[in-house]
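Written below as structure tokens is the structure these notes are about.
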Amino acid sequence: MTTFNRKLTGAEGGESYALNGQQSKPAATAAMWDLFTWFATLPVGEVPLAGTYRKSQLEPEAIDALAEKWDNRVMADDLNAVLQEYFKDKDEGGNPVQDLFIIGFPDYNEALDTELHKKLLLADVSDGGLFNKGDPSKSLDPVKDKDVFDRLYNGFIKDLEKKYSTIHNKYGGALSQLSLWRGALGVTPVKSKDDICADLLASDVASFDRLDCINQVSLEALCQVLESDVEDYKPGTCSDNNNNAITAIIVLCSIVGAGLLVGVSWFAYRRYVTYQHIRRAHEQLMEATLNEAIRALHQLDYPLHLIQGHEFSEAGKLMRHEVLRNAHKLTILDSLSDVDAFVAAGKHVVFFSHQWTSFTLPDPSCIQYDSMVLALKELAKRNGWDESLKDVFVWVDFSSIPQANPSTQNLAIRSLAAYASSATYFIIVAPDTPHVDLDDNCDF
């Protein structure tokens, strides 16, 4: 009789699959695509060491969940070690890629796809591309056909710059887009458009001109802090100011009365100009803020994520967004029209507003969570809803807003007004709860 041991094991390597684009049948290509699309939808624990991974799975609670799922702590720790290397950030020696989280992101992607793929890489050589569709072996080689390749590549760069410039102008200009991009990434220190232009004047004049900073800042005003840079950019700008000051002093000394009058008039004029500049800047800021608020009410910058009522009430505490997402326990609505259709189908969206009672966790004592569950059940009872809460869906910040990625978190925060206005019920949760990190009591 043969005896053997059985244990759960997992390979540390990987597999790759390739299809011949010219010989494979369309049905085979579609089947392979559907297979890997299906893999990507599975929770990580269902396909050991072969899932779609996220940085949130580095959290200890996520690794513990995998170890319990697989009944194998060693394999879960091995995966954690691999993911630690996989998700290293730039400062740790990694090579992360950041999406362009600004207005017009699809337009930029479409422009790149058109110029790079359709007009260069996949276009036939007869149409100015690199690929020979009749005989792929005769496609342009970057080394052997260097002159032709460089000419086509430089043309691709120029055409892409033109398209990007058009998109910049469509959404308020390149400087405005750069400012939005820095904000989406959470780049510090925070800089205004004037600050960005001042830095570029001192370090990168070409970019200063390309971003049209000359129409954003006053060179005369910059003379006080960047005199040498301003003089290098436009000689005589600061010396003209000095000459004007000297003339004013001479006049003041020669004719005291007239000089005093000129000085007062000049001071009043400068105050008026400064006031006008501040007023215009304030009006522009207010207009931009109002436009952003109005826009946010009519579209979602980030999809609405909801938790089904019965899963929320059975969780025992407020669950982190990434944990619910990885467990496929979030219902996602991509647009306000989807939300309207969702509500029209008889679903109820309950928006919970509450105060965090810790600097790191929203509700460490679970007092607020218990109040939310009680409110949810009472709401269902009053309205005669199904007591199972299957038609009730909850929005609460810790579970519905990304916590791990600051960029997507900012997009979700920008959509808060739309989230709240689209809810069928808005509940403020404010029981007497001590703040863990402050000597204070949180209540209504």
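In region 20-36, the residues that are at pLDDT below 70 form no Cβ pair under 6 Å with any partner that is not small (Gly, Ala, Ser), whether six or more places apart or across chains. Screening the candidates Asp195, Asp204, Asp199 for the property of being surrounded by fewer than 13 Cβ atoms within 10 Å (Cβ to Cβ) and within 29 Å of Asp89 (Cα to Cα) yields one hit, Asp204. Of all residues in region 326-364, those satisfying the criterion of being surrounded by 14 or more Cβ atoms within 10 Å (Cβ to Cβ), touching an Asp or Glu at 6+ places or on another chain (Cβ under 7 Å) and closer than 24 Å to Glu387 by Cβ are Lys329, Lys347, His348. I'd like to check something: does region 361-384 contain any residue that is among the β-branched types (Val, Ile, Thr), under 29 Å from the mean Cα position of the chain (by Cα) and modelled with pLDDT of 90 or more? Scanning region 361-384, I find no residue that is among the β-branched types (Val, Ile, Thr), under 29 Å from the mean Cα position of the chain (by Cα) and modelled with pLDDT of 90 or more, so the answer is no. Taken together, the residues in region 158-192 that are surrounded by 17 or more Cβ atoms within 10 Å (Cβ to Cβ) and not in a helix (DSSP H, G or I) amount to 1. Scanning region 74-90 for any residue that is modelled with pLDDT under 90, in a loop (DSSP other than H, G, I, E, B), of a type in the set (A, V, I, L, M, F, W, C) and surrounded by 13 or more Cβ atoms within 10 Å (Cβ to Cβ) turns up at least one such residue.
Do we find a residue being surrounded by fewer than 19 Cβ atoms within 10 Å (Cβ to Cβ), polar (S, T, N, Q) and part of a strand (DSSP E or B) anywhere in region 432-443? Checked region 432-443: at least one residue is surrounded by fewer than 19 Cβ atoms within 10 Å (Cβ to Cβ), polar (S, T, N, Q) and part of a strand (DSSP E or B). Number of residues in region 373-390 that are surrounded by 12 or more Cβ atoms within 10 Å (Cβ to Cβ), under 21 Å from Ser353 (Cα atoms) and out of contact with any His (no Cβ under 6 Å at 6 or more places or on another chain) equals 7.
Checked against (1) surrounded by fewer than 19 Cβ atoms within 10 Å (Cβ to Cβ); (2) under 24 Å from the mean Cα position of the chain (by Cα), Trp395 meets all criteria but (1).
Out of Lys377, Lys390, Lys381, which single residue is in a loop (DSSP other than H, G, I, E, B) and among the basic types (Lys, Arg)? Answer to the check: Lys390. Just one of (1) loosely packed, with under 13 Cβ neighbours inside 10 Å; (2) in contact with a helix residue (DSSP H, G or I) (Cβ under 6 Å, 6 or more places away or on another chain); (3) not hydroxyl-bearing (Ser, Thr, Tyr) fails for Glu115. It is (1).
Against the condition touching a helix residue (DSSP H, G or I) at 6+ places or on another chain (Cβ under 6 Å), aliphatic (A, V, I, L, M) and within 20 Å of Asn169 (Cα to Cα), how does Val230 come out, does it pass? Against the criterion (touching a helix residue (DSSP H, G or I) at 6+ places or on another chain (Cβ under 6 Å), aliphatic (A, V, I, L, M) and within 20 Å of Asn169 (Cα to Cα)), Val230 does not qualify. With respect to Leu120, determine if the residue is modelled with pLDDT of 75 or more and under 30 Å from Ser176 (Cβ atoms). It is true that Leu120 is modelled with pLDDT of 75 or more and under 30 Å from Ser176 (Cβ atoms). Does Ile428 meet the test of being among the hydrophobic types (A, V, I, L, M, F, W, C), surrounded by 14 or more Cβ atoms within 10 Å (Cβ to Cβ) and in the same structural domain as Ala327 (by TED's automatic domain parsing)? For Ile428, the condition - among the hydrophobic types (A, V, I, L, M, F, W, C), surrounded by 14 or more Cβ atoms within 10 Å (Cβ to Cβ) and in the same structural domain as Ala327 (by TED's automatic domain parsing) - is not met.
The values are calculated or read from the model by the stated rules, or taken from the named source; none is laboratory data. Remember, it's a predicted structure, so these values are computed and weren't measured experimentally. Virtual Cβ from ideal backbone geometry, glycine too; neighbours counted across all protein chains shown.
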